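J.: What follows is a structure written as structure tokens; I'll ask about it next.
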Amino acid sequence: MTVFIIRRMLQALLVVFLMSVIVFFGVNIVGDPVYMLVSPDADQADIEAAIARLGLDRPIWEQYWLFLKGAAQGDLGNSFIFGEPALKLILHHMPATMELAFSALILAIVIGIPLGLYAGLYPDSRISKGIMAASIFGFSLPTFWVGLMLIMLFAVELRWVPATGRGDLGSFLGFQSSLFTLDGLSHLFLPALNLALLKISLAIRLTRAGVREAMGQDYVKYARAKGLSTRRIILVHVMKNIMIPVVTVMGLEFGSLIGFSVVTETIFAWPGMGKLLIDAILQLDRPVVVAYLMIIVLFFVLINLIVDILYSILDPRVRLQDQGA
Amino acid sequence: MRKLTAATAVAFGILAIGAGAASAEKLTVGLASEPTSLDPHFHNLGPNNAMSVHIFDRLIAQDEKQRLSPGLAVSWQPIDDLTWEFKLREGVKFHDGSDFTADDVVCTMARAPEVPNSPSGYGTYLKGKEVIKIDDYTVHFKTEAPYPLMGNDISTIPVISEAGCAATTEEFNAGTAAIGTGPFKFQSYTPGESIVLTRNDDYWGDAPIWSEVEFRPITSGPSRVASLLAGDVDMISGVPTTDIATLEGNSDIQLSQGVSNRVIYLHMDQFRENSPFVKANGGGDIVNPLLDVRVRKAISMAINRDAIVERVMEGVALPAGQLLPEGFFGVSDKLDVVAYDPDGAKALLAEAGYPDGFELTIHGPNDRYINDAKIAEAIAQMLTRVGIKTAVETMPRSVYFGRASTGSPDGLPEFSFILVGWGAGSGEASSPLKSLIHTFDKDAGFGSSNRGRHSDPETDALIEEALATVDDAKRQELLAQATERAIENVAIIPTHFQVNTWAAQTGLSYVARTDEYTLATGVVKE
């Protein structure tokens, strides 16, 4: 078991190292950040000084070596634009993204599962057909367009909620979040809904498929024969069984909600990591782009590692294979 | 009875809120681009400079047309060839209550070029200048050679208090060191979210009408417009040209427009016999026709500037015939916009030996200037019409500017024919002349953005003479002459001046600025 974990961790390290090579060289061969940074009034000497200060006059392998040395000590470099450690910048923007992703997930579950359940139980009703048609739109409409339409409808026409930005922060159990104030929630509603739309559709489809499959199963028939109420059959027996795939997929989707909320954050001027990333890409703030990608890589590698270890605990066959190898 | 009381209380509450909002005079502004720091010496960048004007005064202020006016200095003049004397304003207090004196000026000028990790500092404006305190309200700036642009250079440097001179950029961003003499005081700063300032009631100049100002960066154009329409913000900067017509028809919204100091122009390869993106018809090699002034003139005549302004820019631009719009110091009153004349262009091309034209590629950015990629496409069509078959290649600015400046294998500009823009930060004509027209000269710091490497000794001499002439009238004349000569030689082809648009709720208007800054002090109620 220990050998297995050590081996898995070594593999994970190798993956992180290989990704650092790909990410660092990929980001560093594109474009020229110097002309993005210096003022147009700067003369040639100023420009050369800026190149030297950023270390861009060194050969790329040397830049990579310096990056690795820093990374080993937890320093992913300083942002070209803000002059602050890239890691600090990203961590600073993380709570905003987390609360957005979390709210979107909650919305997906609260809206998606009941609708999916209904559509699965009454597949031929008009409402069900309407729900399924709407879920197709949820899948296929581009996020940026839907985001703008939501703003036009709820913020400009109806004036129910603000169009952009993050609201006031509240404090609860030591956490600072805009989830804890009314103003914060009103700012959060539209971006969370926009980010959730695709996930809602996903939850609807998964739940519906699960319900339709489960309703024909023997255990449901048996429960009926036993005289259980429909309510109890659905809410206890069916729900328990269909939740497994839904929870698995939603859990995985949470990762992508965190990592790739770029479009939504840009449209709603939400000060999260995605916004930071897109700004860094546009202005070629290489250390921030590299640090962001490295964090995401680390994030996914860690999840995989944990899943692997859990499997080996849950399923003895994985351990046996490991010993045989 | 109790119900009635409750209802009355609610009604009064609403009234109180309403009254409070009216008297608080809060202004909320949606910004197209966000400052990268509140340290006024950290990053020499438009949005940063605009924000720092609120908190930190300069010795010399630039008004909405970038004309110099007294700031923390009441007067500035040369007392000999190498010395400028600045008399400082007395009785000015910093936000922390301390007095403004010459010591603050001396330490500001020492800190400005030396901020650690600064992406682009203010050393450019302070090179070769030594600042000496004479008494508490007099300082001298000494130079090695006569230097006329002292006022323009010094007007770019925000003055901080002596206490702040030792502070780090983090302390400025946290607000503890963000202490100036400006019309607004630091309240809070959350990067990516908001910057809140409050009125400085002890301001030495005209007190601002707004007791509190909140700036919110909303970089996405459509979202910015939507935030204005939704009433989240009172004013926005950088209105997308495509939205201007719709907003004009909206009675709740009021637009403010003004020409900027930014000229959009074309640079042509004037230093290579074999230019990489100029080919003979059919793709063969050819001696670079852009070296011939007649060809350059023909290109200028083939461009229909009115069409660019009317169709591509939706009317929100001015056709350009020189480096700065009229009204700026150093512009020539003899230069007109080159008239659209496709037949004349064809005739000139034939005279130069290219009756059937040649092949060319225009390169440009697609995310830097207003409608930049569309302009490049329009120009390519116009040139193709007179026989110069022009292909278009646009790219993100992060890739473009590096390649356009030093992209060729030997570190020279990579392209043959490019679309660029230039904003004259100093607000007068020596800025573009020195950087775009003067021969590329690394040691002297001339021609740093001369990506076509145009070189004409006579123009150079005029520019250098102007830069050493302290007498304003004489310098104005020399700058105008240099501009005329550069345009005559078609060193560059100016196409148009950008016009900037701000939009606000009806009842508010903005005094449009040529430097594109968005200042709360410029927002007025009608």
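The values are calculated or read from the model by the stated rules, or taken from the named source; none is laboratory data. Here the structure is a predicted model, which is why all the values come from computation and not from measurement. Cβ atoms come from the backbone with ideal geometry, glycine included; neighbour counts cover every protein chain shown. Accessible surface areas use protein heavy atoms only, side chains included; no ligands, DNA or RNA. Shrake-Rupley method; radii C 1.70, N 1.55, O 1.52, S 1.80 Å.
J.: Roughly how big is the protein assembly as shown's charge dipole about its Cα centre, with Cβ charges of +1 (Lys, Arg) and -1 (Asp, Glu), in debye to the nearest 20?
T.: Numbers: 67 positive and 94 negative charges, 1082 e Å.
My answer is approximately 5200 debye.
J.: What percent antiparallel are the DSSP beta bridges of the protein assembly as shown, to the nearest 5?
T.: Numbers: 66 of 84 bridges.
Given both bridge residues lie in the protein assembly as shown, the antiparallel proportion sits at roughly 80 percent.
J.: Just to be sure I understand the interface: list residues from segment A:37-54 that lose 30 Å² or more of accessible area between the chain on its own and the complete protein assembly, 1.4 Å probe.
T.: When all protein chains are present, A:L37, A:S39, A:P40, A:D41, A:D43, A:Q44, A:D46, A:E48, A:R53 each give up 30 Å² or more of accessible surface.
J.: Let me ask something else about it. Run the numbers on segment B:117-138: which residues show a drop of 10 Å² or more in accessible area, chain on its own versus all protein chains together, using a 1.4 Å probe over heavy atoms?
T.: At a threshold of 10 Å² (probe 1.4 Å), the residues of segment B:117-138 that become less exposed are B:N117, B:S118, B:P119, B:S120, B:T124, B:Y125, B:K127.
J.: Here's another thing I want to ask about it. Using only the alpha carbon atoms of segment A:137-290, find the Kirkwood hydrodynamic radius as the inverse mean reciprocal pair distance, in angstroms to one decimal. Before the final figure, lay out the partial values.
T.: On the way: mean 1/r = 0.0543 Å⁻¹.
Value: 18.4 Å, from the Cα pair sum.
J.: In addition: Using only C-alpha positions, report the orientation-averaged shadow area of the convex hull of segment B:43-131, nm², one decimal.
T.: Mean projected area for segment B:43-131: 6.8 nm², to one decimal.
J.: Another one. In this model, which of B:K87/B:K142; B:K127/B:K442; B:K297/B:K374; B:K142/B:K334 are farther than 24 Å apart at the alpha-carbon?
T.: Values: B:K87/B:K142 15 Å; B:K127/B:K442 15 Å; B:K297/B:K374 22 Å; B:K142/B:K334 36 Å.
Those over the limit are B:K142/B:K334.
J.: Averaged across B:212-223, how many Cβ atoms of other chains sit within 10 Å of each residue's Cβ atom? Write down the numbers at each step before the final one.
T.: Values: counts 0, 0, 1, 0, 5, 6, 7, 6, 12, 0, 7, 12.
Mean number of neighbouring Cβ atoms from other chains: 5.
J.: What is the interface area between chains A and B, defined as buried accessible area summed over both chains with a 1.4 Å probe, reported in Å² to the nearest 100?
T.: Summing both chains' loss of accessible area gives about 3700 Å².
J.: While we're on this one: With all protein chains present and a 1.4 Å probe, how do B:D285, B:D292, B:D57 order by accessible area, largest first? Provide the component values of the computation, followed by the final result.
T.: Details: B:D285 130, B:D292 35, B:D57 15 Å².
Listed by decreasing accessible area, they come as B:D285, B:D292, B:D57.
J.: Can you find, among A:M215, A:L228, A:L310, the residue sitting farthest towards the positive end of the charge dipole of chain A, where Lys and Arg contribute +1 and Asp and Glu -1 at Cβ?
T.: Result: A:L228, furthest along the dipole toward the positive end.
J.: At a 1.4 Å probe, what is the % contribution of carbon and sulfur to the accessible area of the protein assembly as shown?
T.: Working: 22310 of 37300 Å².
Its accessible area is 60 percent carbon and sulfur atoms.
J.: Computed over the Cα atoms of segment A:61-127, what is the convex hull's projected area averaged over all directions, in nm²? Mind dumping the intermediate values first?
T.: Values: hull surface 34.1 nm².
The directionally averaged projection comes out at 8.5 nm².
J.: Next question. Before I look further, what does the protein assembly as shown give for accessible area per residue, probe 1.4 Å, in whole square angstrom? It would help to have the intermediate numbers written out before the result.
T.: On the way: 37300 Å² over 851 residues.
For the protein assembly as shown, the solvent-accessible area averages 44 Å² per residue.
J.: Something else now. Using alpha carbons only, how many degrees (0 to 90, rounded to 10) separate the axis of helix B:102-111 from the longest principal axis of chain B?
T.: With rounding to tens, the tilt is 50 degrees.
J.: Once the cut-off is 24 Å, how many percent of the Cα-Cα pairs in segment B:134-255 end up in the long-distance tail?
T.: Roughly 53 percent, once rounded to a whole number.
J.: Could you work out the local net charge near B:G231, counting Lys and Arg as +1, Asp and Glu as -1, over the other residues with Cβ closer than 10 Å to its Cβ? Show your work: numbers first, answer last.
T.: On the way: positive: A:R159; negative: B:D232, B:D234, B:D252.
With Lys, Arg at +1 and Asp, Glu at -1, the neighbours total -2.
J.: Working from Cα positions, state the angle (0 to 90°, nearest 10) between the long axis of helix B:46-55 and the longest principal axis of chain B.
T.: The angle comes out at about 30 degrees.
J.: Mind ranking A:L185, B:L419, A:L68 by accessible surface for me, highest first, 1.4 Å probe?
T.: On the way: A:L185 80, B:L419 0, A:L68 45 Å².
The residues order as A:L185, A:L68, B:L419, largest area first.
J.: Can you give the net charge of the other residues whose Cβ lies under 14 Å from the Cβ of B:R305, counting K and R as +1 and D and E as -1?
T.: Residues near B:R305 contribute -3 overall.
J.: I would also like to ask the following. Accessible surface of B:K129 in the full protein assembly, 1.4 angstrom probe, to the nearest 10 Å²?
T.: The accessible area comes out at roughly 40 Å².
J.: Which distance in nm do the two modelled labels at B:E273 and B:D206 give, with both placed 7 Å along the Cα-to-Cβ direction?
T.: Reported label-point gap for B:E273 and B:D206 is 6.2 nm.
J.: Take a quick pass over chain A and tell me how many lysine pairs come in under 25 angstrom between Cα atoms, counting only ones 8 or more apart or on separate chains.
T.: Total qualifying Lys-Lys pairs in chain A comes to 8.
J.: Taking accessible area as the heavy-atom solvent-accessible surface of the protein chains with a 1.4 Å probe, which residues of segment A:137-163 lose no less than 10 Å² upon going from the isolated chain to the full protein assembly?
T.: Going by heavy-atom accessible area, the residues of segment A:137-163 that drop by at least 10 Å² are A:L148, A:I151, A:M152, A:A155, A:V156, A:R159, A:P162, A:A163.
J.: Of B:V490, B:V106, which has the most accessible area with a 1.4 Å probe, and how do the rest follow in descending order?
T.: B:V106, B:V490
J.: How far apart, in nm, are the 7 Å Cα→Cβ label points at B:K93 and B:T246?
T.: With each label point 7 Å from Cα toward Cβ, the separation is 4.9 nm.
J.: So, counting K/R as plus one and D/E as minus one, what does the shell of residues with Cβ under 14 Å around B:Y122 add up to? Present the calculation step by step, with values, prior to reporting the outcome.
T.: Values: positive: B:R58, B:R111, B:K127, B:K129; negative: A:D41, A:D43, A:D46, B:D39, B:E114, B:D153.
Its environment carries a net charge of -2.
J.: While we're here: What list of whole percents do you get for P(r) of the protein assembly as shown, with Cα-Cα distances grouped in 20 Å bins up to the one holding the largest distance?
T.: 13, 40, 33, 12, 2, 0
J.: Give, rounded to the nearest 20 debye, the magnitude of the charge dipole that segment A:5-143 has about its Cα centre when Lys and Arg contribute +1 at Cβ and Asp and Glu contribute -1 at Cβ.
T.: Numbers: 8 positive and 11 negative charges, 197 e Å.
The dipole magnitude comes to about 940 debye.
J.: Over segment B:50-193, what per residue volume does the convex hull of the Cα atoms give, in whole Å³?
T.: Normalising the Cα hull of segment B:50-193 by residue number yields 116 Å³.
J.: Here is a further query. Provide the FRET efficiency to the nearest 0.05 for the A:I306-A:R212 pair, computing r from the beta carbons and using R0 = 30 Å. Can you show the working numbers first?
T.: On the way: r = 33 Å, r/R0 = 1.09.
With a Förster radius of 30 Å, E is 0.40.
J.: In nm, to one decimal, how far is the modelled label at B:R385 from the one at A:W65, with both set 7 Å along Cα→Cβ?
T.: Placing both labels 7 Å along Cα→Cβ, they lie 5.8 nm apart.
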